[in-house]
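Visitor: Have a look at this one before I ask anything.
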Amino acid sequence: MTIRVYNTLTRQKETLQPVDPPNIGIYLCGPTVYDRAHIGHMVGPVIFDTIKRYLVYSGYKVTWVVNITDVDDKLINKSRQRGLPMEQIANENTADYLSNLAQLGVDQIDHMPKATESMDEIIALVKTLIDQEHAYEVDGDVFFDVSRDPEYGKLTNRTVDTLQGEGGGAAAKKRSPADFALWKHAKPDEPAWNSPWGKGRPGWHIECSAMSRRLLGETFDIHGGGLDLVFPHHENEIAQSECCHGKPMAKYWLHNGLLKRESAGKLGGRADRDKQGSEQTVTLEQIQQATAEKESRSAGAGGLADMIARIGGEQIRFFLLRTHYRSTVVFSDEALAESVTALATFYRFFERFLRVTGKSFYDIQSAQERVDGELQPGEDLLLQQVQRCRAAFLEKMDDDFNTGGAVSDLFDLVRTLNKFIDQQTLDDASDADPANLASLRQGAKTLREMGTLLGLFQTPPQQADSADDDQLASQLMDLLIALRASARKNKDFAMADRIRDELNQLGIVLEDRKGETGWRLQP
RNA sequence: GGCGCCGUAGCCAAGUGGCUAAGGCAGCGGAUUGCAAAUCCGCCAUCAUCGGUUCGAAUCCGAUCGGCGCCUCCA
């Protein structure tokens, strides 16, 4: 078993060899919580959640950190616009973010440090960089001196002289346009922390260097984030941390692709920003309108939380995992709908499994550890097929966490199991061979193992007939089904079909099985 | 201008040097069904174009066309 990952730093796939096996430290750049999350913010968490599941399964001890940036210029602007304290805005949006993560089944994060709770480490790091003459102070601002870092630009293959650098009022103070702020001097009405350079706040990149060092050490294994963070954010993190410590910051740099709308540009990208205009001149109403437009296209009128409630967290997770994490994903209602349809195949199988075996798929205990090549010579044909699916699945996951390819093996496996039920006529529970049922259970257990690795099928989907509110609906359905059964018995197919067709109009699908009729809502 | 990515069936999407190019959605044919639904079986691509390397390329190299990202805040 060898796991290979694509490393942005070397621009090639490499064998994963932890710095300190079996431990693996992962740092993922989380959100700046100046606004509610959109679906694009979920790509990184979902894939890294999956990566951690896979690494733990493969025998590693993984520590995964996702930071929350809760102090920043955009937060300060937002605070002014809304007339609320920055902290309150940060707290609101952090809560929204966490709730979205939970809905998508992202539950593997070990630490979520906040920038505002890491000031001591940040200041200490800046101080060291000044002492080392990698940074300099000008009137309460501190800048990193890129000319003192011969390796600057190595992540993105850039040279200092080609860079424009950040503009704004601070540009005049910088020795080189490419120098970037480590510490920003506070204006009178801005949130500020005491520092050796007066009151101020951290620059954008420094908090990640400080927090990753505290929680994962000076050199850790995997640093992740969206492709849009490669430059300047990660380039600058590398510069700060490696100049400070004199050793590599992270061994592998993994970047997820960005989500794109059908129409134009990535979510929150240039097109969105241009629409909003410069924040000095735009009115609050315009901002709200622009935000509403953006959300209506990217996440439904009520934002991501509403979209999750409407579509389902698992459906969105599945949608994201169907593509390789480094690809650009074009997001649209149609694409999402296709995913929902595809995912329903598994839910139908789980119901069938319950009918056949009397056991819930969700009660199956999933394998916690990876065990390879345990196929016994005497095992039956079904289990051999199941093992082939599983081996194919693991092979794809080993290759840079190819979830898109791995999903196909999930479909292959569910088809194999459905076929087995058909061929062995296990739907007739009365004469089912116990040995066949045992084989089926074993196959389902493997499906559960694979699903769990992807963070899928952890809890039963919302059932139309499970909620108390739908008790009446359930009773009415029983009545209609009984009426239709009686019509069918009398060969009154016109009546029977009318009941079925009109229920269909209401989005309810009937399935006649041996001896009974089931119903479900259309996905 | 600099750095980088992508172009596989109607649509989405794996595969990056060698078995019949995964899987999903849609469609068509069949088994099953009173008819459907569900399930299963079958059909449906020579991989943007051109040229080159190679015994052999979707997969490597070059050119062309088309799409995109970063170089300023962004997951």
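The values are calculated or read from the model by the stated rules, or taken from the named source; none is laboratory data. Quick caveat, the model's predicted, so the values are computed rather than measured. Heads up, the Cβs are rebuilt from the backbone with ideal geometry, glycines too, and the neighbour counts pull from every protein chain shown. Accessible surface areas use protein heavy atoms only, side chains included; no ligands, DNA or RNA. Shrake-Rupley method; radii C 1.70, N 1.55, O 1.52, S 1.80 Å.
Visitor: Considering the range A:186-198 alone, what residues qualify as being open to solvent by 100 Å² or more (accessible area, probe 1.4 Å) and at pLDDT 95 or above?
Guide: Within the range A:186-198, just A:Asn194 meets the criteria.
Visitor: What number goes with the only condition from (1) open to solvent by 20 Å² or more (accessible area, probe 1.4 Å); (2) modelled with pLDDT under 95 that A:Thr63 does not pass?
Guide: Unmet condition: (2).
Visitor: Moving to a separate point now. Out of the range A:489-523, which residues are more than 8 Å from RNA strand B (Cβ to nearest atom), hydrophobic (A, V, I, L, M, F, W, C), closer than 23 Å to A:Glu351 by Cβ and outside any loop (DSSP other than H, G, I, E, B)?
Guide: Across the range A:489-523, the qualifying residues are A:Ile499, A:Leu503, A:Ile508, A:Trp519, A:Leu521.
Visitor: Sticking with this one: Please state which of the following conditions A:Ser209 fails to meet, knowing it meets all the rest: (1) surrounded by fewer than 20 Cβ atoms within 10 Å (Cβ to Cβ); (2) among the polar types (S, T, N, Q); (3) more than 8 Å from RNA strand B (Cβ to nearest atom).
Guide: Failing condition for A:Ser209: (1).
Visitor: Still on this structure, please answer the following. Tell me which of these A:Thr459 doesn't satisfy, since it passes every other one: (1) within 16 Å of RNA strand B (Cβ to nearest atom); (2) under 38 Å from the mean Cα position of the chain (by Cα); (3) among the β-branched types (Val, Ile, Thr).
Guide: Every listed condition holds for A:Thr459 apart from (1).
Visitor: Among the residues in the range A:20-40, are any surrounded by fewer than 18 Cβ atoms within 10 Å (Cβ to Cβ), within 24 Å of A:Thr459 (Cα to Cα) and modelled with pLDDT of 95 or more?
Guide: No.
Visitor: Follow-up. Regarding the range A:365-374, can at least one residue be identified that is buried (at least 18 other Cβ atoms within 10 Å of the Cβ) and out of contact with any strand residue (DSSP E or B) (no Cβ under 6 Å at 6 or more places or on another chain)? It would help to see each step written out before you state the result.
Guide: If we filter the range A:365-374 for residues that are buried (at least 18 other Cβ atoms within 10 Å of the Cβ), which is where we start, we get none.
No - not one qualifying residue is present in the range A:365-374.
Visitor: Based on this model, can you work out whether A:Lys52 counts as closer than 20 Å to A:Leu453 by Cα, open to solvent by 20 Å² or more (accessible area, probe 1.4 Å) and modelled with pLDDT of 95 or more? Explain how you work it out, then say what you get.
Guide: On the way: closer than 20 Å to A:Leu453 by Cα: yes; open to solvent by 20 Å² or more (accessible area, probe 1.4 Å): no; modelled with pLDDT of 95 or more: yes.
Judged against the criteria, A:Lys52 is not a match.
Visitor: Would you be able to tell me the number of residues in the range A:164-173 that are within 12 Å of RNA strand B (Cβ to nearest atom), over 32 Å from the mean Cα position of the chain (by Cα) and open to solvent by less than 90 Å² (accessible area, probe 1.4 Å)?
Guide: Counting residues in the range A:164-173 that are within 12 Å of RNA strand B (Cβ to nearest atom), over 32 Å from the mean Cα position of the chain (by Cα) and open to solvent by less than 90 Å² (accessible area, probe 1.4 Å) gives 4.
Visitor: Now a separate question. Which of the residues spanning the range A:397-426 are more than 9 Å from RNA strand B (Cβ to nearest atom) and not β-branched (Val, Ile, Thr)?
Guide: Within the range A:397-426, the subset more than 9 Å from RNA strand B (Cβ to nearest atom) is A:397-398, A:401, A:413, A:424-426.
Of everything in the range A:397-426, those that are more than 9 Å from RNA strand B (Cβ to nearest atom) and not β-branched (Val, Ile, Thr) turn out to be A:Met397, A:Asp398, A:Phe401, A:Leu413, A:Gln424, A:Leu426.
Visitor: Exactly one condition in (1) open to solvent by less than 70 Å² (accessible area, probe 1.4 Å); (2) at pLDDT 95 or above is not met by A:Val138; state its number.
Guide: (2)
Visitor: What about A:Lys154, is it under 22 Å from A:Arg213 (Cα atoms), modelled with pLDDT under 95, in a loop (DSSP other than H, G, I, E, B) and open to solvent by 20 Å² or more (accessible area, probe 1.4 Å)?
Guide: On the way: under 22 Å from A:Arg213 (Cα atoms): yes; modelled with pLDDT under 95: yes; in a loop (DSSP other than H, G, I, E, B): yes; open to solvent by 20 Å² or more (accessible area, probe 1.4 Å): yes.
Yes; evaluated as a whole, the condition is true for this residue.
Visitor: Could you give every pair whose Cβ atoms fall below 8 Å, whose first residue belongs to the range A:500-519 and is touching a residue at least 40 places away in the same chain (Cβ under 8 Å), and whose second residue is part of a strand (DSSP E or B), counting only separations of at least 6 or pairs across chains?
Guide: The qualifying pairs are A:Gly518/A:Leu510; A:Gly518/A:Glu511; A:Trp519/A:Ile508; A:Trp519/A:Val509; A:Trp519/A:Leu510; A:Trp519/A:Glu511.
Visitor: Can you find even one residue in the range A:78-94 that is β-branched (Val, Ile, Thr), crowded, with 23+ Cβ neighbours inside 10 Å and not assigned by TED's automatic domain parsing to the domain that holds A:Val371?
Guide: No; the residues of the range A:78-94 include none that is β-branched (Val, Ile, Thr), crowded, with 23+ Cβ neighbours inside 10 Å and not assigned by TED's automatic domain parsing to the domain that holds A:Val371.
Visitor: Looking at (1) at pLDDT 95 or above; (2) buried (at least 19 other Cβ atoms within 10 Å of the Cβ), can you tell me which one A:Arg214 breaks?
Guide: (2)
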